[in-house]
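The values are calculated or read from the model by the stated rules, or taken from the named source; none is laboratory data. Everything numeric in this text was worked out from a predicted model, so none of it was measured. Here the Cβ positions follow ideal geometry from the backbone for every residue, glycine too, while neighbour counts run over all protein chains shown.
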Amino acid sequence: MPDCTAVQPIIWSATPTPFTETLKVDKPAVQRLVEHHLRLGVTGLFLLGTCGEGAFMTDRQRTELVATVVKHNAGRMRLAVQVTDNSAGRIVDNMKWAADLGADVAVIAPPYFFPAPRPEALYDLYAEAAAASPLPLGIYDRGRHGAVIIPSAILKRIYALPQVTMLKDSSSDPERAQIALAARRKRPELLVLDGDEWVADQYMKLGYDGLLLGGAVFNAHLAGLIVKAVRAGDEATAAKLQQRMNRLMWDVYGGKKITCWLAGLKHLLVEMGIFGTHRNLLGYELSRSCAQAIARALVREREMLFPWKTA
């Protein structure tokens with residue numbers, strides 16, 4: 001019987017964006033970020049997502065980030081770029097520049113603002129963009145967490161579009177998980193990834209292919225161990241690893257209320273020698289308690305944060 005735990009886990013990183021003190025894209029930090037992910041064994045990078053602040057960046061910042069990642073990645077990891085917008089035309093324009101810069105996948109999340117007169121209009125937006133896309137598509141399902149909610153019936157039809165090759169399910173919704181798995185049964189080539197890192201073990205037990213996590217820049221090794229434990233049928237170990245990963249994330253993000261989120265995440269990366277600042281566009285600040293929790297986590301979880309140094 002083949003050892004399923006020996007297969008490399010599929011772990012994508014919805015990576016944060018490094019900025020300088022003047023909020024320009026920090027290109028030397030981008031190079032370090034790419035190499036860091038490769039050391040962690042990450043499968044692919046998702047750029048300009050929620051954690052990547054793509055919705056708040058200027059066009060120049062977005063194109064600089066993608067171009068810099070493409071240059072330093074040199075084809076070693078798959079690269080997905082969020083192209084979400086409020087109309088199919090704007091999404092297609094975003095897809096075209098992402099393709100021109102060298103992205104592998106274009107990812108669409110629900111529009112930021114869409115006062116649609118009927119749910120069918122949401123399907124039309126995705127279908128029109130898919131038909132004109134120069135890239136394979138990823139779908140980012142945020143469930144009820146965003147301003148625009150894609151109804152389940154519409155989501156099923158979106159997942160059936162032939163251009164769709166991967167899904168990121170961050171809905172935390174059992175019904176939508178079953179919709180994703182049903183789509184994969186009909187189209188086995190579809191890559192179904194969990195985006196809810198707090199219960200990654202549960203989604204892997206459901207049969208998801210892998211993980212696409214906002215915390216993968218620091219927890220990818222732990223996440224990979226969770227995947228391997230589930231594949232080996234060791235649910236108890238997977239649950240313990242999940243608890244360990246959650247504790248690490250609470251330390252980094254500012255406790256269960258997530259008070260520091262991006263500032264804490266970026267401060268950790270500063271302390272790890274990857275980012276130069278914890279500056280972010282959303283105004284998250286680093287509290288003293290967050291900094292102290294991160295300092296403790298750096299000591300406690302060194303083997304998980306720097307697995308190549310402790311192997």
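Some notes on this structure:
- If you go through the stretch 81-139 and keep only what is of a type in the set (S, T, N, Q) and closer than 16 Å to Ala55 by Cα, you end up with Gln82, Thr84, Asn86, Ser87, Asn94.
- A single entry from Leu65, Leu48 fulfils the requirement of being without any contact (Cβ under 8 Å) to a residue 40 or more places away in the chain and either touching a strand residue (DSSP E or B) at 6+ places or on another chain (Cβ under 7 Å) or within 20 Å of Val148 (Cβ to Cβ) (or both): Leu48.
- Within the span defined as the stretch 168-185, every residue fails to be surrounded by 20 or more Cβ atoms within 10 Å (Cβ to Cβ), among the hydrophobic types (A, V, I, L, M, F, W, C), under 22 Å from Asp104 (Cβ atoms) and in contact (Cβ under 8 Å) with a residue 40 or more places away in the chain.
- One residue alone among Val70, Val107 is buried (at least 23 other Cβ atoms within 10 Å of the Cβ), aliphatic (A, V, I, L, M), touching a Leu at 6+ places or on another chain (Cβ under 9 Å) and under 13 Å from Leu47 (Cα atoms), and that residue is Val107.
- Looking at Ala216, Ala200, Ala239, Ala223, just one residue is modelled with pLDDT of 95 or more and over 16 Å from the mean Cα position of the chain (by Cα), and that residue is Ala239.
- Residue in the stretch 165-179 that is more than 23 Å from Leu265 (Cα to Cα), of a type in the set (S, T, N, Q), out of contact with any Asp or Glu (no Cβ under 8 Å at 6 or more places or on another chain) and at pLDDT 95 or above present: yes
- Of everything listed in (1) assigned to a helix (DSSP H, G or I); (2) in contact with a helix residue (DSSP H, G or I) (Cβ under 6 Å, 6 or more places away or on another chain); (3) touching a residue at least 40 places away in the same chain (Cβ under 8 Å), the single unmet condition for Cys290 is (3).
- Selected residue (criterion: farthest from Val42 (Cα to Cα)) from residues of the stretch 286-311 that are surrounded by fewer than 12 Cβ atoms within 10 Å (Cβ to Cβ) and not small (Gly, Ala, Ser): Arg288
Per-residue answers, yes or no, for (1) touching a strand residue (DSSP E or B) at 6+ places or on another chain (Cβ under 9 Å); (2) closer than 29 Å to Arg144 by Cβ; (3) surrounded by fewer than 21 Cβ atoms within 10 Å (Cβ to Cβ); (4) not hydroxyl-bearing (Ser, Thr, Tyr):
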| site | (1), (2), (3), (4) |
| --- | --- |
| Val30 | no, no, no, yes |
| Arg39 | no, no, yes, yes |
| Ala55 | yes, yes, yes, yes |
| Asp100 | no, no, yes, yes |
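- Filtering the stretch 286-307 to residues that are touching a Gly at 6+ places or on another chain (Cβ under 9 Å) and not small (Gly, Ala, Ser) leaves Leu286, Cys290, Ile294, Pro307.
- Residues that are surrounded by fewer than 24 Cβ atoms within 10 Å (Cβ to Cβ) and farther than 16 Å from Leu45 by Cβ, drawn from the stretch 204-220: Lys205, Leu206, Gly207, Asp209
- Residue list for the stretch 10-29, filter: aliphatic (A, V, I, L, M), under 18 Å from Phe306 (Cα atoms) and either part of a helix (DSSP H, G or I) or out of contact with any Gly (no Cβ under 7 Å at 6 or more places or on another chain) (or both): Ala29
- Residues satisfying the stated conditions in the stretch 48-86, i.e. closer than 10 Å to Ala98 by Cβ, in a loop (DSSP other than H, G, I, E, B) and not β-branched (Val, Ile, Thr): Leu48
- Considering Ile91, Ile150, the condition of being on the phi < 0 side of the Ramachandran plot, assigned to a loop (DSSP other than H, G, I, E, B) and buried (at least 20 other Cβ atoms within 10 Å of the Cβ) is satisfied by Ile150 alone.
Okay, residues lined up against (1) hydroxyl-bearing (Ser, Thr, Tyr); (2) in contact with a helix residue (DSSP H, G or I) (Cβ under 9 Å, 6 or more places away or on another chain); (3) over 24 Å from Asp194 (Cβ atoms):
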| residue | (1), (2), (3) |
| --- | --- |
| Leu47 | no, yes, no |
| Tyr112 | yes, yes, no |
| Glu128 | no, yes, yes |
| Gly138 | no, no, no |
